[in-house]
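Everything on this sheet refers to the single structure shown next.
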Amino acid sequence: MALLKREEWQDFVRDVDWTLTYVDDEAVYPEWFSGTGKVPREAWLAWEEDYKVSYQEYVYTQKEKEASTYAVKAALSRSDTFDHLDEGWKSATKMHFGGVAQVEYTATLAELKMARFGLNGAWRNMATFGQLDELRHNALTTYFGHELVVKDPQYDWTQKTYTTNDWVPISLRTLFDGIMTTSNVVDCALQVPLAFETGFTNLQFVALSADALQSGDINFANMISSIQTDEARHSQQGVATLQILAEHDPTRAQWVIDKAFWGSARAFSALTGPAMDYYTPLEHRKQSYREFMEEWIVDQFVRTIEDYGLKKPWFWDEFMRGLDTWHHSLHMGLWFWRPTIWWRPKAGVSKDERDWLREKYPNWEQTYGDKWDVIIDNVNANNVEATLPATLPYLCSLCHLPCCNPTQSRDGSWRVRNKPLSYDGKTYHFCSNGCRQIWWKDRDNVNHETLVDRFLAGQIQPMDVGGLLNYMSMTPDVMGDDADYEAWTKDYVGRPATGLAVPAGAQA
Amino acid sequence: MSTPARKPRKQRTFSAFGDVRKMPSEYEIVTHAQNWNTRDGRMSTFEQNPSSPINLWFLTYRENSPLQVDDWDGWHDPDKVAYRSYVNMQAEEQTKLDGLLDSYNEAGADAEFPAEQVARLGALFTPSRYLVHGFQQVQAYIGYLGHSSYITSAAGYANADLLRRVTIVGYRTRELQMAHPDSGIGTEERKRWESDAAWQPAREAVERMLVAYDFGEAFTALNLVLAPTLDDVLLRQLGQVSKAAGDELEWHLGNVLGKDAKRRDRWCGGLARFCVQQRAENEKPLHKWIDRWSPLADAAAEGLAPLLGKPAGEVVAEARAAREKLHAGIFSTADAAAAAG
Ligand SMILES: [Fe+2]
Ligand SMILES: [Fe+2]
Ligand SMILES: [Zn+2]
């Protein structure tokens, strides 16, 4: 073939910047969106992606990927694999479909923003591939989830989740509107392609795919692993941007990455953590959430940022301690407020599962065991009623997740601590020092009402659980309940029960 | 509260589609109501301080744009382009295109071009990558700001089509440079774009469009005015002139890229018509923007005429006719509907 090689001509495609003269450069690339900050405008001329891609390569490769992903789907849709999946695993997938599908669409918006406001033509072109990739991820996730609606109405939340004011999507919209849609492109490239895509998505897409295969959900594994193969291309925007920012304004680079890291760590502890350590059947767990975090985040990601002269984030110790608590607490919170979620959370605390939890998390029993025991005894006394919520927890004003992180006191006991902050005549509540600190620095941007603020302000009527569920657009056919109470309580039948009739809400 | 009861119900598709008898298409399933910042009943566009800078930006340029429709989800892309169909379509197109490029290259066609055609390509065709990249940026902005995911996705694919066009121009730039190393092709484009008198009206229009931040205005300026006008000059007219000058390849490329342009005309014309049909008051701002941007587009076409080697009057008249044909489909149906109603 007498076709030219990409290397021979691609510079013409990458080199599309010019000097604006009819309008001001700052009007075309306003600081709010382009965010050059202390970096001299010319410095962006050096922006360069590591591995290049052309339009023709893109459509050829992607066509193949689509063909194989849909071929696997078509083959499997004729089998009854799905019907034999464990309820807990199905819950992990429902959470994924509902939690992730429209985050992919929001990533499309992030890429489109960079395709418009990126400070170098090559960057804007890469973002054009990026927005296509994210359209793909949104379409695949939505389409695969859609196919399951007929099997179970909870999969309806694949599309519905983010149209609601359920507390989970409020929390996730806060995070992703912050890092994806409303950040300037420089911050966005560090927060999304770098911190989020080269770091955290591995957790959900690589690690969860391993659990999916173990659980026999080949279709799901096929979908998410194919999605992950696109990340390497558009996530390059992260390092290419970091190289320039780290040179001219390392303090900003550090702060921006730290913030995205923290927000992602909070969100993943709510979603991936319970899926891995509780919903995935014991015999199918590859590693614990903590182990996955250590491998994919603590080791790999930290190595990446250290290569650019950045340090571990300032909240490192609090984050590392949180690996033993955040997701366990949030799991309990999700389980307890189960009528507010679109999956069937599995408590996952049978004796065998508890042995595993104790082995992976030496403090688990001391921190969580007694609380689950109270729940178990109530369930075994046919008092499930007492394990259902009647009130709301404090929600963190930054991550919008329940304030439920315990820390150990000097006397050895574990207590949930709320970190308050008074500002402008109002008391704000936070789940952690990290959240409080970030909120304080970004308060002009992030200050908005939590679900509890809305409730207390009378925006949610009637002011009871029914009113709340209605505000969250939760319908009875979808409302979550435990997948199988007996599975994890039967080990304890007949033991002396000590904590019956627990006051509702005490698990916070 | 009591343990949630589960009542069985056969649901076959997303509840967002309501009680539908017919299964929505794959396009609708993956495109319908995917952008949460356009959901009903939101307190602010983004889940953050309602007066954060970007909330205010969207409030000003999208929520308060003069172009308004009650139900933006009512508009769908007539070509129903979704990711899978997009990459399939463009991969197939690319195979054909590669075949074209390959065979003309084998035949050594570029070396045979008359000097006048080489000069025309170097003056008009190869510098156009800057113009098209500017279009690409504006299309990305329209997608970013889209009132519905149907609009954002369509703009996303259109944004990619423009990168496709820059890619083809870039590829040809190199081929022509190799065949005519002394022509200035491959080295002079930026200078021509920035300083040739012929390009300045076009460059002015693109730069001004990059600061037209209102959603409706950006959409109108690019997709209803500048792109349809200048595509006629740079794809259709240039193709014809090239063919007459013995360069069939550029004529083919104009046709290949013209398909993307026509697809864009279909969805953009359709969207504008939808706006007018849904709310007659939309006609006023659309006309205002069309009237504001048309002179810039005409000036750009007129400026490029000498490079094309055709009388300016002819170039502008043909380009304007292409644009007006698109507009006729937008407003005439609405007039007819209004007359009928
Ligand atoms: Fe993605
Ligand atoms: Fe991504
Ligand atoms: Zn928090």
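The values are calculated or read from the model by the stated rules, or taken from the named source; none is laboratory data. What you see is a predicted model; the values in this text were computed from it and never measured. Methodologically, a virtual Cβ is constructed for each residue, glycine included, from the backbone with ideal geometry; neighbour enumeration extends over all protein chains shown.
Here are the numbers:
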read-out: Selection count, region B:27-41, where residues are more than 7 Å from chain A (Cβ to nearest Cβ) and touching a helix residue (DSSP H, G or I) at 6+ places or on another chain (Cβ under 8 Å); value: 6
read-out: Among the residues listed as A:Ala221, A:Ala232, A:Ala207, A:Ala246, the single one being small (Gly, Ala, Ser) and either touching an Asp or Glu at 6+ places or on another chain (Cβ under 7 Å) or within 13 Å of ligand 1 (Cβ to nearest atom) (or both); value: A:Ala232
read-out: Given (1) within 24 Å of A:Lys90 (Cβ to Cβ); (2) within 16 Å of ligand 3 (Cβ to nearest atom), number of the condition A:Leu388 does not satisfy; value: (2)
read-out: Residue check for B:Thr126: of a type in the set (Val, Ile, Thr), over 30 Å from B:Ser195 (Cβ atoms) and at pLDDT 95 or above; value: no
read-out: Wholly enclosed helices (runs of 4 or more DSSP H) of region A:173-292 bearing at least 3 residues more than 30 Å from A:Lys38 (Cβ to Cβ); value: A:208-214, A:218-234, A:250-274, A:289-292
read-out: Condition check for B:Leu121: in a helix (DSSP H, G or I) and more than 9 Å from chain A (Cβ to nearest Cβ); value: yes
read-out: Residue identified as of a type in the set (Asp, Glu), facing chain A (nearest Cβ under 9 Å) and either within 23 Å of A:Thr19 (Cα to Cα) or touching a residue at least 12 places away in the same chain (Cβ under 8 Å) (or both) among B:Glu106, B:Glu93, B:Glu112; value: B:Glu93
read-out: Set A:Asn418, A:Asn378, A:Asn383, A:Asn405: member being away from ligand 2 (no atom under 16 Å from the Cβ), in contact (Cβ under 8 Å) with a residue 40 or more places away in the chain and out of contact with any helix residue (DSSP H, G or I) (no Cβ under 7 Å at 6 or more places or on another chain); value: A:Asn383
read-out: Residues being of a type in the set (Phe, Trp, Tyr) and either touching an Asp or Glu at 6+ places or on another chain (Cβ under 6 Å) or over 22 Å from A:Glu385 (Cα atoms) (or both) - total across region A:304-351; value: 6
read-out: Unique match (being more than 8 Å from chain B (Cβ to nearest Cβ) and over 21 Å from A:Asp15 (Cα atoms)) among A:Gly145, A:Gly118; value: A:Gly145
read-out: Residue within region A:344-354 that is of a type in the set (Ser, Thr, Tyr), assigned to a loop (DSSP other than H, G, I, E, B), more than 14 Å from chain B (Cβ to nearest Cβ) and within 30 Å of A:Leu451 (Cβ to Cβ) present; value: no
read-out: Qualifying position, being modelled with pLDDT of 95 or more, over 30 Å from A:Met479 (Cα atoms) and either within 16 Å of ligand 3 (Cβ to nearest atom) or surrounded by 21 or more Cβ atoms within 10 Å (Cβ to Cβ) (or both), among A:Ala101, A:Ala115; value: A:Ala115
read-out: Residue satisfying all of: in region A:161-170; buried (at least 24 other Cβ atoms within 10 Å of the Cβ) and in a helix (DSSP H, G or I); farthest from ligand 1 (Cβ to nearest atom) among these; value: A:Trp167
read-out: Counted residues, region A:434-452 - those being surrounded by fewer than 18 Cβ atoms within 10 Å (Cβ to Cβ) and in contact with a Ser or Thr (Cβ under 8 Å, 6 or more places away or on another chain); value: 1
read-out: Region A:25-48: number of residues that are part of a helix (DSSP H, G or I) and either in contact (Cβ under 8 Å) with a residue 12 or more places away in the chain or at positive phi (or both); value: 10
read-out: Filter result (within 14 Å of chain B (Cβ to nearest Cβ) and within 11 Å of ligand 2 (Cβ to nearest atom)) within region A:202-228; value: A:Ile227
read-out: Positions within region A:86-129 being of a type in the set (Ser, Thr, Tyr) and more than 14 Å from ligand 2 (Cβ to nearest atom), in sequence order; value: A:Ser91, A:Thr93
read-out: Filter pass, A:Tyr22 being more than 14 Å from every other protein chain (Cβ to nearest Cβ), aromatic (Phe, Trp, Tyr) and either in contact (Cβ under 8 Å) with a residue 60 or more places away in the chain or farther than 23 Å from A:Glu111 by Cα (or both); value: no
read-out: Residues of region A:194-204 satisfying the condition of being surrounded by 24 or more Cβ atoms within 10 Å (Cβ to Cβ), of a type in the set (A, V, I, L, M, F, W, C) and either over 26 Å from A:Leu310 (Cα atoms) or more than 13 Å from ligand 1 (Cβ to nearest atom) (or both); value: A:Leu194, A:Ala195
read-out: Set B:Thr13, B:Thr38, B:Thr45: member being over 20 Å from A:Thr106 (Cα atoms) and modelled with pLDDT of 95 or more; value: B:Thr13
read-out: Out of A:Ala210, A:Ala221, A:Ala253, A:Ala265, sole residue that is within 16 Å of ligand 3 (Cβ to nearest atom) and either buried (at least 24 other Cβ atoms within 10 Å of the Cβ) or in contact (Cβ under 8 Å) with a residue 12 or more places away in the chain (or both); value: A:Ala265
read-out: Identity of the residue in region A:391-439, of a type in the set (Lys, Arg) and near ligand 3 (Cβ under 10 Å from one of its atoms), that ends up farthest from the chain's Cα centre (by Cα); value: A:Lys419
read-out: Top-ranked residue in region A:376-394 [being part of a loop (DSSP other than H, G, I, E, B) and away from every other protein chain (no Cβ under 12 Å); ranked as nearest to A:Glu353 (Cα to Cα)]; value: A:Ala381
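One line per residue, one yes/no per condition, for (1) more than 26 Å from A:Leu3 (Cα to Cα); (2) β-branched (Val, Ile, Thr):
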{"residue": "B:Ile142", "(1), (2)": "yes, yes"}
{"residue": "B:Gly146", "(1), (2)": "yes, no"}
{"residue": "B:Ser149", "(1), (2)": "yes, no"}
{"residue": "B:Val166", "(1), (2)": "no, yes"}
{"residue": "B:Tyr171", "(1), (2)": "no, no"}
{"residue": "B:Leu176", "(1), (2)": "no, no"}
{"residue": "B:Ala202", "(1), (2)": "yes, no"}
